[in-house]
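**Q** Starting off with a structure, shown below.
The values are calculated or read from the model by the stated rules, or taken from the named source; none is laboratory data. Every value quoted in this text rests on a predicted model; they were computed, and no experiment measured them. Because the Cβ atoms are built from the backbone with ideal geometry, glycine has one as well, and the counts that use them run over all protein chains shown. All accessible areas refer to the heavy atoms of the entire protein, side chains included, with ligands and DNA or RNA removed. Shrake-Rupley method; radii C 1.70, N 1.55, O 1.52, S 1.80 Å.
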Amino acid sequence: MLKRILGTRKLISYSIICSLMLIATSPAAVAAPGDLANVQISKENGIATVTNEVGTVIYEGADDVTAIEAALNEIDSGVILFQSGTYSIDRTISLKSNISFVGNEGVVFDCISSPGFTTGTGGYSSSTISVASDANSGTTQISLSDVSGLNVGDYVKISDDFTVPYEGKDYKNGELVEIVAINDTTITVSSPLYDSYTVSRNAMVREISMFQNISFENVGFVGFGMDTSSTAVYLYGVKNVTFSNCTIEDFGTRAILLFDCLDCTIENSTFKRVFKDGTGYGIAITNACDNIVIKNNSFLEKGRHYIAVVSSRGGVTTDGFTRHVDVLDNIFRDCADEAVNSHPTSSPIFRVIGNEIYDSRKGVELARSDSIVKDNKFYRCGNALVTLSTGNHVIEDNYFNGNRISIIPHATSNIIRNNVFDNGGYILPELNAVIENNTFENYTDYIISSVGSSSSYMENIEISNNTCEDPLTMAMEFGYVRNVNLNNNNLNGYLEFSGCDDVKLDGNRINSPASSGVRVVDAMGPHAISVNEIKAGSVGISLENTRTTPISDEIVIERNVIDAPAAISNDDYSNVIMDEEGIPGTLRVVEDSRLREGSPDTVFKDEPYIDLGGRDEAGGYRDLVMFDLSEYSDSEMIENATLSLFWYYPEGMERPADTVVEIYRPEAWNPEYVTWNSRDLNTPWVHAGGDWYDLNNVSQGSTPYATITLNGSDAPDNSYHELDITGIVKEYVSGKYENTGFLIKARTESGNYIAFCSSDNENGNQRPVLTISEKA
């Protein structure tokens, strides 16, 4: 058991006690009880005194490094306790396993040498062993060409020639695993492999004799200048590392370097002035590290990178990608580059949760990683959060205040949700971003800006259910963006789409103090602007073109409520499908289907035309058409409803008989299965050709809701023909009858065949339209 030493602190921290309990029960530490001992080091008037657990002085002199080495040599495992004082580290001290450095108040290691402390690289084997067959991701079995020298409990680093290029160099993949069994030339490892390693890529393993259980508590490290090549602690190949309640100041290159380390915790510590241009890292997590936890620390002054996941190459330590890093409840201030950063030469899963980041050029930048970034606060950063390269990121429940750019998402997948953005700082989505349920407050400029170029489009951006009630001139701008969807946002500023392709706006409320509500400039592909509420000073939707020839793709503008002197302006776009004269209240077909007597069991759902009347050789033709009336709730407000059908066939031909077009109310039908004989799957009509009710609610009655006559002597005029169906529409809206659409037929069905364009016609300006006018 541990013995109390006179003059030591009354309490040793809970974390150190737990560490020592682990040491005492680990296989490597279970020897004789006397192997576990404490050593105390004190310093007075420049003289360091080392006392063992029974009070014997084992060193006394002016050389602090010699004193610490004497303490390390005295014990195989345990705590070295430092009394208050400044200890001069003028030579690098070599660490060993199962040792804790614990300081009383006021203990400072003056690291004149760099690094001050290290394990060195002696645990790495100088040779490698080839992998005999491919080791796939998820396996725990690795077949080797030879297992000589390997034992159960050893660690190996497996790697191959899979590389990631970065700044002109190639960095190789790899990870650390523990051997738990050896059978012939196959080793079984303690956990499934993260990645696959193949013979064709020269897969190999290298043995690493891992150090275990090294900790520092309640000590200060002081370097010899933040512009110098100085480092506090270099750890290579260590499992179970703890830094707790430490201060680390005035180092240039690195404060703490973790190299191929596992299960490390850095907590409740303070970092200041760790900065050398191009190399300064507060905590550098390098190569095949895993399970690194950095929590409750303060990174306060003049840092370059406070936390960085990086890779190195060359020598026995080469290869490997870091896997799991947790950055929890820390404070970061005054960082010249990224406060939290992963280089693209790694593959970590980050959890960045509960941190506060202030006044940094970049708050968090994650490349080639997956992450959860949650419950953080970002204040006055240049770029608060950036994602790059491959990776999947969830960014939620954060608070952003006064940043220049809040988020730049540019990775495989970026979900940005439930955040609060305050006092400026726009989102700059570049690739694969879902931006939803966020709130923007106290803005004077746009909240989202995504601008690419004609040779490099931004792509795949979905923005929904966001709110910004501040009066902005422009709310969002998009330039050279492909596949952008805006749904159900509440915005006080106009939207601009310049050079964009495949744009959809649906269900947004746009209250613009500017002249336009939505500007489409030099469209490069289809646009659909539907069911939005738009208010603007001059024109609701402005279609502008500066090119010689505008696109011919469809621009669909329908069912918008527009409050502006002009609803829509169009500058030379030829295929604009919009509400008649830009007036709200025009609906387009949801479903339409043909019924053909000559093919009584065939579904005709996606035809470019609907037809009616009769042909002697084929019998009769009828149609079913459905519109969505759900946006109307008060039938008394409906003044008029007009169905417009575009007549185009038989082209240039007269017919033997007139075609009297009639509208009836059909029984319910399923567009996936409706035919001349059936209204749904395994559900026939009572009357072949359709069951209907007339104006008087008579089944199969002959008093239509509406009728027009197309004379047999007239050829199709390629124009719309209108039917007044106000009565049936009001019945549907009032709820008197279920909305089952309209059955369209000819009064007689012989020698009077005609066709109208359907909802599937390629020309959007010729499809069926229902126009509803409401009372003022």
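**Q** What pairs come out if I take residues in segment 266-277 that are modelled with pLDDT under 95 and pair them with residues that are of a type in the set (K, R) and open to solvent by less than 40 Å² (accessible area, probe 1.4 Å) whose C-beta lies under 6 Å away, six or more apart or interchain?
**A** Filtered contacts from segment 266-277: F275/R304.
**Q** Take the residues in segment 413-427 that are small (G, A, S) and assigned to a loop (DSSP other than H, G, I, E, B), then tell me which one is surrounded by the fewest Cβ atoms within 10 Å (Cβ to Cβ).
**A** As a first pass, look at segment 413-427 and keep what is small (G, A, S): 413, 424-425.
In the following step, the residues that additionally are assigned to a loop (DSSP other than H, G, I, E, B) were identified as 424-425.
Details: G424: 21, G425: 25.
Going through the qualifying residues, I end up with G424.
**Q** How many of the residues in segment 557-573 are β-branched (V, I, T), within 35 Å of the chain's Cα centre (by Cα) and crowded, with 18+ Cβ neighbours inside 10 Å? Can you show your working first?
**A** Here is the first cut: in segment 557-573, the residues β-branched (V, I, T) are 557, 561-562, 568.
When the remaining residues are screened for being within 35 Å of the chain's Cα centre (by Cα), the result is 557, 561-562.
Next, from what is left, pick out any that are crowded, with 18+ Cβ neighbours inside 10 Å: 557, 562.
Of the residues in that region, 2 qualify.
**Q** Can I ask one more? Give, as residue ranges, the strands (runs of 3 or more DSSP E) completely inside segment 315-369 that count at least 1 residues that are modelled with pLDDT under 95 and among the polar types (S, T, N, Q).
**A** Numbers: elements: 324-328, 331-333, 338-342, 349-353, 356-358, 362-367.
Because the criterion is at least 1 residues that are modelled with pLDDT under 95 and among the polar types (S, T, N, Q), the strands (runs of 3 or more DSSP E) in segment 315-369 that meet it are 338-342.
**Q** Tell me, please, whether a residue that is on the phi > 0 side of the Ramachandran plot and either open to solvent by 20 Å² or more (accessible area, probe 1.4 Å) or over 46 Å from the mean Cα position of the chain (by Cα) (or both) can be found in segment 755-775.
**A** Taking segment 755-775 as the starting set, the residues that turn out to be on the phi > 0 side of the Ramachandran plot are none.
No, there is no match, as no residue in segment 755-775 is on the phi > 0 side of the Ramachandran plot and either open to solvent by 20 Å² or more (accessible area, probe 1.4 Å) or over 46 Å from the mean Cα position of the chain (by Cα) (or both).
**Q** So which residues in segment 20-52 are at pLDDT 90 or above and not in a strand (DSSP E or B)?
**A** Looking only at segment 20-52, we keep the residues that are at pLDDT 90 or above, and these are 39-52.
Selection gives N45, G46, N52.
**Q** So, in segment 508-530, of the ones that are open to solvent by 30 Å² or more (accessible area, probe 1.4 Å) and within 22 Å of T473 (Cα to Cα), which residue ends up nearest to the chain's Cα centre (by Cα)?
**A** R509
**Q** If you don't mind, there's one more thing I want to ask. Quick one: would you say D170 is assigned to a strand (DSSP E or B), open to solvent by 40 Å² or more (accessible area, probe 1.4 Å) and within 20 Å of G314 (Cα to Cα)? Before the answer, list the steps.
**A** Numbers: assigned to a strand (DSSP E or B): yes; open to solvent by 40 Å² or more (accessible area, probe 1.4 Å): yes; within 20 Å of G314 (Cα to Cα): yes.
Answer is yes for this residue.
**Q** Still on this structure, please answer the following. Show the residue pairs meeting these rules: Cβ distance below 6 Å; 6+ apart or different chains; first residue within segment 505-533 and closer than 15 Å to V556 by Cα; second residue open to solvent by less than 50 Å² (accessible area, probe 1.4 Å) and part of a loop (DSSP other than H, G, I, E, B).
**A** L505/N532; A523/I551; M524/G499; P526/E554; V531/G507; N532/N508; N532/N560
**Q** Moving to a separate point now. Check whether at least one residue in segment 626-645 is farther than 15 Å from V729 by Cα, out of contact with any Leu (no Cβ under 8 Å at 6 or more places or on another chain) and not in a loop (DSSP other than H, G, I, E, B), and report yes or no.
**A** No: segment 626-645 contains no residue that is farther than 15 Å from V729 by Cα, out of contact with any Leu (no Cβ under 8 Å at 6 or more places or on another chain) and not in a loop (DSSP other than H, G, I, E, B).
Residue by residue, here is whether (1) of a type in the set (S, T, Y); (2) out of contact with any helix residue (DSSP H, G or I) (no Cβ under 8 Å at 6 or more places or on another chain); (3) modelled with pLDDT of 95 or more holds:
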site: V503; (1), (2), (3): no, yes, yes
site: H527; (1), (2), (3): no, yes, yes
site: S530; (1), (2), (3): yes, yes, no
site: D563; (1), (2), (3): no, yes, no
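**Q** Condition first: assigned to a loop (DSSP other than H, G, I, E, B), open to solvent by less than 30 Å² (accessible area, probe 1.4 Å) and not β-branched (V, I, T). Can you find one or more residues in segment 724-746 that meet it? Steps first, answer last, please.
**A** Narrowing segment 724-746 to residues assigned to a loop (DSSP other than H, G, I, E, B): 725, 735-741.
With the extra rule that they be open to solvent by less than 30 Å² (accessible area, probe 1.4 Å), the set shrinks to 725, 740-741.
Narrowing further to those that are not β-branched (V, I, T): 741.
There is at least one residue in segment 724-746 that is assigned to a loop (DSSP other than H, G, I, E, B), open to solvent by less than 30 Å² (accessible area, probe 1.4 Å) and not β-branched (V, I, T).
**Q** Working only within segment 357-405, note down all residues that are open to solvent by 20 Å² or more (accessible area, probe 1.4 Å), over 17 Å from N341 (Cβ atoms) and of a type outside the set (K, R).
**A** D375, Y379, N392, V394, E396, D397, Y399, N401, G402
**Q** In segment 585-616, which residues are of a type in the set (D, E, K, R), open to solvent by less than 20 Å² (accessible area, probe 1.4 Å) and under 30 Å from S633 (Cα atoms)? Can you show your working first?
**A** Step one: list which residues in segment 585-616 are of a type in the set (D, E, K, R), which gives 588, 591-592, 594, 596-597, 601, 605-607, 611, 615-616.
Still in the running and open to solvent by less than 20 Å² (accessible area, probe 1.4 Å): 592, 594, 611.
Within segment 585-616, D592, R594 qualify.
**Q** Pick from V147, V233, V180, V152: which is crowded, with 22+ Cβ neighbours inside 10 Å and among the aliphatic types (A, V, I, L, M)?
**A** Working: V147 fails: crowded, with 22+ Cβ neighbours inside 10 Å; V180 fails: crowded, with 22+ Cβ neighbours inside 10 Å; V152 fails: crowded, with 22+ Cβ neighbours inside 10 Å.
It is V233.
**Q** Which one is nearest to R273 (Cα to Cα) among residues in segment 219-230 that are in contact (Cβ under 8 Å) with a residue 40 or more places away in the chain and open to solvent by less than 30 Å² (accessible area, probe 1.4 Å)? Explain how you work it out, then say what you get.
**A** Initial filter on segment 219-230 (in contact (Cβ under 8 Å) with a residue 40 or more places away in the chain): 219-224, 226-230.
Still in the list and also open to solvent by less than 30 Å² (accessible area, probe 1.4 Å): 219-221, 223, 230.
Numbers: V219: 17, G220: 13, F221: 12, G223: 10, S230: 12 Å.
By that ranking, first place goes to G223.
**Q** When you go through G120, G138, G103 one by one, which is the residue that is under 27 Å from G252 (Cα atoms), under 41 Å from the mean Cα position of the chain (by Cα) and either free of Cβ contacts under 8 Å to residues at least 24 places away in the same chain or open to solvent by less than 50 Å² (accessible area, probe 1.4 Å) (or both)? Quick ask: steps written out before the conclusion?
**A** Working: G138 fails: under 27 Å from G252 (Cα atoms); G103 fails: under 41 Å from the mean Cα position of the chain (by Cα).
Only one candidate passes the filter, namely G120.
**Q** Could you list all residues from segment 455-481 that are open to solvent by 10 Å² or more (accessible area, probe 1.4 Å) and under 18 Å from R519 (Cβ atoms)?
**A** Those that are open to solvent by 10 Å² or more (accessible area, probe 1.4 Å) and under 18 Å from R519 (Cβ atoms): M458, P471, T473, M474, E477, Y480.
**Q** Going through segment 692-721 one residue at a time, which ones are among the aromatic types (F, W, Y) and open to solvent by 40 Å² or more (accessible area, probe 1.4 Å)? Talk me through it step by step, then tell me what you get.
**A** We begin by selecting, within segment 692-721, every residue among the aromatic types (F, W, Y); these are 692-693, 705, 720.
If the condition is that a residue be among the aromatic types (F, W, Y) and open to solvent by 40 Å² or more (accessible area, probe 1.4 Å), then Y693, Y720 are the ones that fit.
**Q** Residues of segment 659-678 being touching an Asp or Glu at 6+ places or on another chain (Cβ under 8 Å), part of a strand (DSSP E or B) and surrounded by fewer than 21 Cβ atoms within 10 Å (Cβ to Cβ), which ones? Steps first, answer last, please.
**A** Kept after step one, since they are touching an Asp or Glu at 6+ places or on another chain (Cβ under 8 Å), are these residues of segment 659-678: 664-671, 673-678.
Now drop any that are not part of a strand (DSSP E or B), which leaves 664-666, 678.
Of everything in segment 659-678, just one residue is touching an Asp or Glu at 6+ places or on another chain (Cβ under 8 Å), part of a strand (DSSP E or B) and surrounded by fewer than 21 Cβ atoms within 10 Å (Cβ to Cβ), namely S678.
**Q** Another one. Among the residues of segment 79-95, are any among the charged types (D, E, K, R), closer than 21 Å to V222 by Cβ and in contact (Cβ under 8 Å) with a residue 60 or more places away in the chain?
**A** Going through segment 79-95, the residues among the charged types (D, E, K, R) turn out to be 90-91.
Cutting the leftovers down to closer than 21 Å to V222 by Cβ gives us 90-91.
After this cut, where a residue has to be in contact (Cβ under 8 Å) with a residue 60 or more places away in the chain as well, the list is none.
The answer is no; no qualifying residue exists.
**Q** Of the numbered conditions (1) part of a loop (DSSP other than H, G, I, E, B); (2) hydroxyl-bearing (S, T, Y); (3) modelled with pLDDT of 50 or more, T66 fails exactly one; give the number of that condition.
**A** Result: T66 fails condition (1) only.
**Q** Related question: Hey, can you tell me all the residues within segment 428-451 that are under 15 Å from V394 (Cα atoms) and either in a strand (DSSP E or B) or of a type in the set (S, T, N, Q) (or both)?
**A** L431, N432, A433, V434, I435, E436, N437, N438 - these are the residues of segment 428-451 that are under 15 Å from V394 (Cα atoms) and either in a strand (DSSP E or B) or of a type in the set (S, T, N, Q) (or both).
**Q** Let me ask something else about it. When you go through I47, I89 one by one, which is the residue that is of a type in the set (V, I, T) and within 30 Å of T318 (Cα to Cα)?
**A** Working: I47 fails: within 30 Å of T318 (Cα to Cα).
Just one listed residue meets the conditions, I89.
**Q** So how many residues does segment 69-91 have that are in a helix (DSSP H, G or I) and acidic (D, E)?
**A** Looking only at segment 69-91, we keep the residues that are in a helix (DSSP H, G or I), and these are 69-74.
Going one step further and asking which of them are acidic (D, E), we end up with 69, 74.
The qualifying residues number 2.
**Q** Hey, can you tell me all the residues within segment 486-501 that are farther than 12 Å from V520 by Cα and open to solvent by 10 Å² or more (accessible area, probe 1.4 Å)? Explain how you work it out, then say what you get.
**A** Within segment 486-501, the subset farther than 12 Å from V520 by Cα is 486-493.
Scanning segment 486-501 gives N487, N488, N490, N492.
**Q** Further question: Just for segment 187-205: of the residues that are open to solvent by 40 Å² or more (accessible area, probe 1.4 Å) and over 32 Å from the mean Cα position of the chain (by Cα), which one is nearest to T119 (Cα to Cα)?
**A** Top of the filtered list is M204.
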